[in-house]
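Everything on this sheet refers to the single structure shown next.
A short reminder: the numbers here are calculations on the coordinates, not readings from a lab. These numbers were taken from a predicted model, which means no experiment stands behind them. Virtual Cβ from ideal backbone geometry, glycine too; neighbours counted across all protein chains shown.
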Amino acid sequence: MKAKRSPSFSLSLPVETADQVRAVQQAVGAQEGYASVNDLLTAAVNREFRRLQRKHNGGKPWPGIPAGVIRPGMRTKEETRGSGK
């Protein structure tokens, strides 16, 4: 029986952010308990989830959404133009 693979995400970061991720991992990753860049980014994402859950959902996790429900990829130019960002 095959082991179940964790779902993966593709992430595009600005060059400066990606450089800092690698620098942090190299400088203090092991010391802070992050064996890989993936471990570091997972911890950062989970901290932000907890902050948003406290702020917007009474501290509770939202129900998960299965892969394929949300359109992948970057926002369209129309979506970007409409959001003011």
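Observations on the structure shown:
- Failed condition for Thr76, given (1) more than 17 Å from the chain's Cα centre (by Cα); (2) under 17 Å from Pro7 (Cα atoms): (2)
Let's see how each residue does on (1) within 13 Å of the chain's Cα centre (by Cα); (2) charged (D, E, K, R):
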{"site": "Arg5", "(1), (2)": "no, yes"}
{"site": "Gln20", "(1), (2)": "no, no"}
{"site": "Gln25", "(1), (2)": "no, no"}
{"site": "Gly29", "(1), (2)": "no, no"}
{"site": "Asp39", "(1), (2)": "yes, yes"}
{"site": "Gly59", "(1), (2)": "no, no"}
{"site": "Pro63", "(1), (2)": "no, no"}
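- Note on region 31-57: residues that are part of a loop (DSSP other than H, G, I, E, B) and surrounded by 12 or more Cβ atoms within 10 Å (Cβ to Cβ) amount to 2.
- Some residue of region 58-70 being without any contact (Cβ under 8 Å) to a residue 12 or more places away in the chain, part of a helix (DSSP H, G or I) and not hydrophobic (A, V, I, L, M, F, W, C): no
- Given (1) closer than 18 Å to Arg5 by Cα; (2) touching a Pro at 6+ places or on another chain (Cβ under 9 Å); (3) not basic (Lys, Arg), index of the condition Gln53 fails: (1)
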